[in-house]
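The values are calculated or read from the model by the stated rules, or taken from the named source; none is laboratory data. Keep in mind that this is a model prediction, so the values were computed, not measured. Glycine gets a Cβ as well: all are built from the backbone with ideal geometry, and neighbour counts include every protein chain shown.
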Amino acid sequence: MRRLILVGTVAAVAAMLMVAPSAFGQSAGGCQLQGTASFSPGLNQNAQNFNYSFNGNLSSCQSSEAGAPASGTVSAGNLVSIGGQVFQEPVASGNGGCASSTTSGFATVTWADGTKTVLQYSTSGAAAAVTLQATVAPSVTLQAVNPGPGQPTSTTVTTTRYAGDTSTGLLAFEPPDPTACNTPAGVATAGISGVVSLQGS
């Protein structure tokens, strides 16, 4: 059985993430994670539906699995360029605000060796505490943005590392300006830090 632990700081919001993949192995290991998330509309004290996107970097990864990459990147809900064409990752969404929230979405990890891990995740947050549950999905489909004549209308990102694994985590919500939660505009970007474990057969 593989076991993964990720320790790091992610800029994403309470309900997020996201995201949070890391290094895999029988012994304790992990990655440092840093990133940013953007929310629309911003999160405040009123419960509402919202969308968000996330970008993060994984570094200093350790694993007992031979050949496991030591770094990677994480992306969710963003516009990405593949083969010179722009595609939209599935937009992550949620409901709630600064006090509590739930979210769900897909995140793609691109490891330093070019392998991919697609995560389908959900989160539940209360105040500063956010719990994460995720499974490694076989693939995710991205829709093309304004495809030209003869260009594909979608593309599929396929998991090539850590297929079949599951993940849980406990994260902490860290808005850069907590007082923004009390304004109509709310928190447009925020951070989280925490620990995420991943297990697989």
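The rows are residues; the columns are (1) of a type in the set (S, T, N, Q); (2) surrounded by 13 or more Cβ atoms within 10 Å (Cβ to Cβ).
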residue	(1), (2)
Thr117	yes, yes
Thr123	yes, yes
Ala127	no, no
Thr131	yes, yes
Ala137	no, yes
Ala144	no, yes
Gly148	no, no
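The residues listed here are Ala68, Ala112, Ala128, Ala107; of these, the one that is closer than 18 Å to Ala188 by Cα and either of a type in the set (A, V, I, L, M) or touching a helix residue (DSSP H, G or I) at 6+ places or on another chain (Cβ under 6 Å) (or both) is Ala128. On the stretch given as segment 58-81, residues that are without any contact (Cβ under 8 Å) to a residue 40 or more places away in the chain and within 21 Å of Val157 (Cα to Cα) total 5.
Counting only strands (runs of 3 or more DSSP E) that sit wholly inside segment 1-114, those with at least 3 residues that are modelled with pLDDT of 80 or more and among the small types (Gly, Ala, Ser) are 32-43, 72-76, 92-96, 100-111. Taking into account only those residues within segment 149-158 that are touching a residue at least 60 places away in the same chain (Cβ under 8 Å) and in a loop (DSSP other than H, G, I, E, B), which is nearest to the chain's Cα centre (by Cα)? For segment 149-158, the residue satisfying everything is Pro152.
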